[in-house]
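The structure appears below as structure tokens.
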Amino acid sequence: MHRVGSAGNNNNSTRPRKEKRLTYVLNDADDTEHCAGVNCLTVLKSCVSDGCDYLFTGSRDGTLKRWTLAEDAASCSATFESHVDWVNDAVLIGDNTLVSCSSDTTLKTWNCLSDGVCSRTLRQHTDYVTCLAAAEKNSNVVASGGLGGEVFVWDIEAALTPISKSSDAMEDECSNGVNGSGNPLPITSLRTISSSNSISAHTNQSQGYVPLAAKGHKESVYALTMNDSGNLLVSGGTEKVLRVWDPRTGSKTMKLRGHTDNIRALLLDSTGRYCLSGSSDSMIRLWDLGQQRCVHSYAVHTDSVWALASTPTFSHVYSGGRDLSLYLTDLATRESLLLCTGEHPILQLALHDDNIWAATTDSAVHRWPAEGHNPQKVFEKGGSFLAGNLSFSRARVSLEGSTPVPVYKESTFTIFGTPGIVQHEILNNRRHVLTKDTAGSVKLWEITRGVVVEDYGKVSFEEKKEQLFEMVSIPAWFTVDTRLGSLSVHLDTPQCFSAEMYSADLQITGKPEDDKVNLARETLKGLLAHLLAKRRQKPGSQASANGDVVSGKDITPRSLTHSRIEVDGSAENDSVVYPPFEFSTVSPPSIITEGSQGGPWRKKITDLDGSEDEKDFPWWCLDCVLNNRLPPRENTKCSFYLHPCEGSTVQILTQGKLSAPRILRIHKVVNYVVEKMILDKPSDGVNPDGAFGPGLTGGPLQHSSIGDGSFRSGLKPWQKPRPSIEILCNNQVLLPDMSLATVRAYIWKKPEDLVLNYRMAQGK
């Protein structure tokens with residue numbers, strides 16, 4: 001599976017080292033709503049009677065949010081942004097510590113009452129971290145499980161304890177935790193980045209804290225639960241068995257079989273004797289760990305069970321899953337009720353007094369009545385059924401048409417989210433992306449500014465794509481995915497520097513119209529404008545000759561190790577951000593990237609504080625923005641032949657194979673032919689074997705170049721009026737504003753060098 005923001009290559013020393021990528025995530029709404037499915041939620045009850053309760057949600061958009069709850073209201077009071085992939089689970093420990101885990105392979109700790117600053121990044125897993133479990137009465141213990149069968153038990157207090165100065169110095173060399181203010185944080189890391197950018201685990205165990213590994217799972221772990229005192233841990237996953245551990249030693253105490261498919265949810269009672277499990281086999285099972293056996297099976301759902309929550313006394317269980325339904329089941333009597341049916345699969349549940357919050361694959365979170373303190377009140381409403389004990393019993397009942405009726409038709413409160421993007425198409429101009437979201441709305445994004453320029457509403461995506469088609473050819477300088485529910489735009493060097501446009505085509509005023517603008521370079525300048533502004537304000541920084549800031553910790557140019565690095569000298573003022581590349585400060589994009597030390601990080605561009613350097617950013621990004629250097633680029637030129645049409649009376653002295661920028665317009669070629677017709681005549685006093693016009697050198701058969709500025713000079717008064725010339729390719733007359741690249745892609749359509757023909761314009 002693709003990891004957003006991942007930049008290193010795999011363990012293969014024979015491959016050339018791949019440079020780290022820079023990703024920016026776009027957002028067209030404010031920062032108070034999730035824009036992808038909500039994977040997890042947890043409630044923090046106030047310690048005082050009149051205090052506020054808080055709901056914490058973690059989303060597939062890579063962020064967590066804190067919601068301040070009122071009677072029938074919820075306001076987003078903080079966004080926790082640092083993970084670079086899905087947030088899969090979160091638990092609260094102690095008074096104010098929030099621990100989250102992610103598909104980015106990390107755990108992160110936060111002060112849950114802060115403004116969203118990550119206090120520590122914990123690196124031990126080598127694959128997605130899918131689930132967490134915490135001990136209610138032992139606020140230091142958290143267990144984490146993930147793909148590859150990894151289970152670790154963390155002493156959070158020890159993990160957060162600052163390490164010694166010498167160790168901290170060593171730590172700083174191999175970690176890259178960045179907090180909300182941009183300052184590097186010491187990371188509990190057992191991994192260093194090798195020369196091939198691959199991850200090497202357990203290489204510096206003497207430095208920092210080492211969590212306890214519970215070894216035994218051969219396959220992925222998707223569910224964990226721990227009793228209140230923290231001396232019992234149960235895990236489950238794709239092996240279809242429950243494993244019971246002593247988290248103090250990491251030793252396995254028992255293995256329980258019974259489920260026939262993946263185990264997706266687990267619950268322990270406070271004493272640690274009884275355990276509930278939910279599985280993809282649609283069954284809920286109750287286990288007596290003392291007897292080491294399953295004592296009850298509940299066939300309630302018609303599809304996978306993904307979420308469980310119990311009443312405080314462990315007498316009833318709330319369950320949800322893939323069948324979109326939320327059930328309440330009496331564990332003793334086996335009576336079940338369908339509380340509600342929604343539109344999306346339920347991923348996690350959290351009881352809150354007499355209500356229950358349900359997280360789903362949608363970006364919204366719903367609150368339903370639950371009567372958690374007295375669930376029998378719900379059964380008094382009628383409509384209950386007796387849960388079977390075989391997985392096919394509910395399916396059979398459903399087929400017979402006796403589907404239970406939901407007790408509640410509507411939720412009592414909803415925290416709405418932003419519809420996530422589910423479809424996208426990069427348009428040919430390579431500046432716009434067409435998207436469609438879960439609500440069916442089609443929008444047009446301008447990638448170089450990170451904004452929606454057109455909202456078409458609920459129209460046909462395919463029809464709109466056809467309407468917006470342009471016959472232009474621009475290199476693919478970025479890639480896009482929508483894994484986080486938003487547009488994530490990926491820049492990889494050197495490919496990202498392959499696209500150029502003329503300033504006139506970008507409608508940039510104050511620049512010569514024929515100046516070439518590198519789209520990636522200007523986009524990077526726009527993204528890092530806040531960083532550069534902060535650097536200018538820092539004491540000891542000085543402006544370079546081109547207006548950029550150079551401080552004592554600027555990067556060392558890599559020209560020493562890279563044989564060909566081009567210095568782009570075309571821009572006269574490199575500190576200027578031109579309007580087509582100005583990003584919004586109201587809904588700023590977030591950057592996901594990594595530098596030379598440590599793993600990926602994520603932060604809004606407006607939160608960059610100027611302290612970030614090569615440890616935090618890929619060297620090529622800073623080299624481009626600070627030192628005006630671009631890596632070597634390929635295919636920026638187009639070779640072609642220019643011949644008269646058959647029977648044409650127009651003849652010019654041929655130059656053999658010609659070369660010009662890919663973006664050169666056909667009207668420039670017309671100018672070239674006209675100039676050659678006039679200047680190549682002996683009466684003009686120009687030697688046919690000499691120079692053939694401004695910007696052209698060489699003899700008749702040499703490979704010559706047509707420059708952008710070849711024909712800026714006007715005609716001399718003594719020269720004849722300019723004849724009207726048209727250019728053809730494959731017998732098709734070319735429009736003057738077509739580029740050579742467009743002609744090659746849509747008209748020529750051959751791998752050989754382009755052949756253009758010229759003639760006097762017909763009818764002239």
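The values are calculated or read from the model by the stated rules, or taken from the named source; none is laboratory data. Computed from a prediction, not measured in an experiment: that's the story for all the values here. Neighbour counts run over all protein chains shown; Cβ positions are idealised from the backbone, glycine included. Accessible surface areas use protein heavy atoms only, side chains included; no ligands, DNA or RNA. Shrake-Rupley method; radii C 1.70, N 1.55, O 1.52, S 1.80 Å.
Here are a few things to note about the model shown:
- Selection over the stretch 716-733 of residues that are in a strand (DSSP E or B) and either modelled with pLDDT under 60 or under 14 Å from residue 669 (Cβ atoms) (or both) gives a count of 6.
- Here the condition is being under 16 Å from residue 288 (Cβ atoms), touching a Leu at 6+ places or on another chain (Cβ under 7 Å) and either free of Cβ contacts under 8 Å to residues at least 12 places away in the same chain or open to solvent by 10 Å² or more (accessible area, probe 1.4 Å) (or both); of 266, 242, 224, it holds for 266 alone.
- Put simply, of 80, 56 the only residue that is hydrophobic (A, V, I, L, M, F, W, C), at pLDDT 95 or above and more than 21 Å from residue 307 (Cβ to Cβ) is 80.
- Between 315, 279, the distinction of being of a type in the set (Ser, Thr, Tyr) and buried (at least 18 other Cβ atoms within 10 Å of the Cβ) belongs to 279 only.
- Listed by position, the strands (runs of 3 or more DSSP E) contained in the stretch 43-142 that have at least 3 residues being open to solvent by 30 Å² or more (accessible area, probe 1.4 Å) are 74-81.
- Residue list for the stretch 574-612, restricted to those being open to solvent by 10 Å² or more (accessible area, probe 1.4 Å), in contact with a helix residue (DSSP H, G or I) (Cβ under 9 Å, 6 or more places away or on another chain) and of a type in the set (A, V, I, L, M): 576, 577
- Residue 405 being of a type in the set (A, V, I, L, M, F, W, C), under 26 Å from residue 499 (Cα atoms) and surrounded by fewer than 17 Cβ atoms within 10 Å (Cβ to Cβ): no
- Residues in the stretch 231-266 that are of a type outside the set (A, V, I, L, M, F, W, C), under 35 Å from the mean Cα position of the chain (by Cα) and farther than 21 Å from residue 321 by Cβ: 243, 247, 250.
- Segments classed as strands (runs of 3 or more DSSP E), wholly inside the stretch 471-521, with at least 1 members that are out of contact with any Cys (no Cβ under 8 Å at 6 or more places or on another chain) and free of Cβ contacts under 8 Å to residues at least 60 places away in the same chain: 479-481
- Residue match in the stretch 391-401 (condition: in contact with an Asp or Glu (Cβ under 6 Å, 6 or more places away or on another chain), modelled with pLDDT under 95 and in a loop (DSSP other than H, G, I, E, B)): no
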